[in-house]
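Student: Sharing a structure below in structure tokens format, with a few things to ask.
Bear in mind that the values in this text are calculations on the coordinates, not laboratory data. Model, not experiment: these values are computed from the prediction. We place every Cβ from the backbone using ideal geometry, glycine too, and count neighbours over all the protein chains shown.
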Amino acid sequence: IVTSWVQVQIISSGVPAGQMLSMEFYGQHMRHLWNTTAVNMFTENYGSDGGSYQCPLTTHRENDTITYPAGMCNYGEGSSCFCTPCPYPLVTNLADRDECICPTCGDGRLHWQVVEECDDNNLLNLDGCSSQCVVEDLQLCEGPRDPDTRVGVPIEAYASSDLCLRFGSFWTLYGSAKFEARYGTRAVIHNDALWVIAGVGNGNKKFFNDMWFDNTNGATCVALETTDTCTVSPPATVLPPLAWGMATNNTYNSSYYPSSTTSPYYGPFPPRGFHEALSGTTAAFQGYIWIAGGAYRRGWRDGLSDCQVVGAETECFLDSSYNDVWRTTGVPTINPNFVSWELVTRDAGWTSRGMFGFVEYQSKLWVLGGRHMSLFPVTRIGLRDVWSSSDGVSWTQATAEAGWSLRSGLSATTFTVSGQEYIYVLGGRNEDVSSSYLNDVWRSTDGIQWSEVTASAQWSGRWNSRSPIFFDSMWVIGGQRCGDESSTQPGVYEHTLECTRLNNKAPHQYGDVWVSSDGGVTWEESTAMAGWSGRSGHAVVPFDTTDRGVQNNGREMLWLIGGQDEYDTAYDTVYSSFRF
């Protein structure tokens, strides 16, 4: 990947291209002991200027009588020591710069003579720069740059190996969003905008049914480096990094009453978190944002039901769930920001649930697994059933017991391998008696028969992570587990209960990023700790604006929004990882 170009003037003497001895190169810098002097480094027998000087990286020294330091013509040698360019395709031997050698892939020097895309000083694959010195998929490789201007210095690439970073290992902070901090939220791309829908506030004490959108894809603050941020509050005349708008809907609803809801609500649908959402792509669902299910805490407006006091803290738990389906066109009506929602079905037929999988596959919506929560009677159970619908209204059970175990907090997605599209289920929390945290991967072509892709992926067992599809690859980003970090069984931990203040077990929040390009068989770690703090219950969504209008910066970006830390403390921060 070329990060910059330096304009040079080349005067040809009529000799075929590539014969560097017959060309003159102007503006090349030679490293002088006292200052930097512009030299014509391709002039034959460039002589001493009466001082000591370092031969440029593309030359070798001749008639040197003082061998130290390497590559230096020193006082006392006079014009007998001079620098001569290496004949094409040879390059300088960096050990002493007294001879020219053949350039090779893996020597830590980027050579145009052998058409290298990168050179990281080894011949290993899967480290960013391949054994053939080609930049590997999802990688950013760059050579030396000027520390002040951050512009690449091509000549120094002759002596410095490239640094390669995998996409997903660097994230740009876009500061805090306008909406309240939340986890268990969901995000979709719809009508060329990023939408964030509902979620849970700090400590399961508040639940949202709001909807926010941004259609800029970060265009007003374009990160140019992996270390850039977009968090500085701009002056009033400058647009913020993300121009969040709220899609209002203050309709008073008194007729929608699941048995466990104690009061009516304002807004488009009952407040919730750990629901699922998607923007339809096939004929029956296209043009709508769809949401389904979700969890909440009964009586959360009226008091602290299903909460317990632990020291100075009050700990509350999700205890109820929905099995409804809603949709919206996402197109404002009545006034510029008012968005109407339609109740597709109040009772979809499948058991109410949160923390489940929700995908669009073969022109149907699919619901997979999750956790059913109810106070009538008191129930918290894991599920392994699979349901589908061709219209969102009528649902058919594909199987009551999928091949994978009872689980909640799973990730579900669709991915195509060798021309065959599959539904995928990844990880989650095993809700049977073992209550372990899973790192297995399963797939199916019909939702009925499931095959295990791997019983133990390279990432540790977790739940409430996110698994977007981006750059023709499958990702696992963040997540949570409760257990002993010293466990010798990857992905399996000994605590049968969830981590709570009451049992004095703090959950571990992952801040890692993993990617698979072979359908979930093998996984590579992009980073063990991304720029954001470890979290779960966050939203992750890809936004590709390379072929869209002026309201974007034409980039492929992966957005991460919200989430929670150790004990259900919510985040309002927004991050993106982008492809240069």
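Student: Please report the net charge: other residues with Cβ closer than 10 Å to the Cβ of residue 478, K and R +1, D and E -1.
Tutor: Once positives and negatives cancel, what remains is +2.
Student: Please list the non-local residues whose amide H lies under 5 Å from the amide H of residue 430, H modeled 1.01 Å from N, same-chain partners needing a gap of 5 or more.
Tutor: For residue 430, the qualifying residues are 436, 437, 438.
Student: Let me ask something else. Explain nothing, just compute: Karplus ³J(HN,Hα) = 6.51 cos²θ - 1.76 cosθ + 1.60, θ = phi - 60°, for every residue of region 195-208 in order, whole Hz, x for Gly and Pro.
Tutor: Going residue by residue, I get 10, 10, 10, 6, x, 10, x, 3, x, 6, 9, 8, 10, 10 Hz, with x marking Gly and Pro.
Student: On to the next question. Less than 29 Å apart at the alpha-carbon level, and either on another chain or at least 8 residues along: which lysines does that give for residue 505?
Tutor: 205, 206
Student: Amide H of residue 160: which non-local residues (sequence gap of 5 or more, or other chain) have their own amide H closer than 5 Å, using H built in the peptide plane?
Tutor: 110
Student: In addition: Taking θ as phi - 60°, what are the ³J(HN,Hα) couplings along region 468-480 by the Karplus curve (6.51, -1.76, 1.60), each to the nearest whole Hz, with x for Gly and Pro?
Tutor: My calculation for region 468-480 gives x, 9, 8, 6, 6, 9, 9, 10, 10, 10, x, x, 9 Hz in order.
Student: Also, I was wondering about something else. Per-residue HN-Hα couplings for region 173-187, Karplus 6.51 cos²θ - 1.76 cosθ + 1.60 at θ = phi - 60°, whole Hz, x for Gly and Pro?
Tutor: Karplus-based 3J(HN,Hα) across region 173-187 equals 7, 9, x, 8, 6, 6, 7, 5, 4, 7, 9, x, 8, 9, 9 Hz.
Student: Arrange the peptides 316-324, 392-400 so that the one whose residues have, on average, the most other Cβ atoms within 10 Å appears first.
Tutor: Ranking the peptides 316-324, 392-400 by packing returns 316-324, 392-400.
Student: Could the peptides 120-126, 519-525, 325-331, 426-432 be put in order, highest first, of the mean number of other beta-carbon atoms found within 10 Å of their residues?
Tutor: 426-432, 325-331, 519-525, 120-126
Student: How do 367-374, 278-285 rank on mean C-beta neighbours within 10 Å, highest first?
Tutor: In descending order of packing, they fall as 367-374, 278-285.
Student: Where Lys and Arg each count +1 and Asp and Glu each count -1, what net charge lies around residue 374 among other residues with Cβ under 13 Å from its Cβ?
Tutor: Residues close to residue 374 contribute a combined charge of +3.
Student: Among residues other than residue 439 whose Cβ falls under 14 Å from its Cβ, what is the net charge (Lys/Arg +1, Asp/Glu -1)?
Tutor: Every neighbour counted, the sum reads 0.
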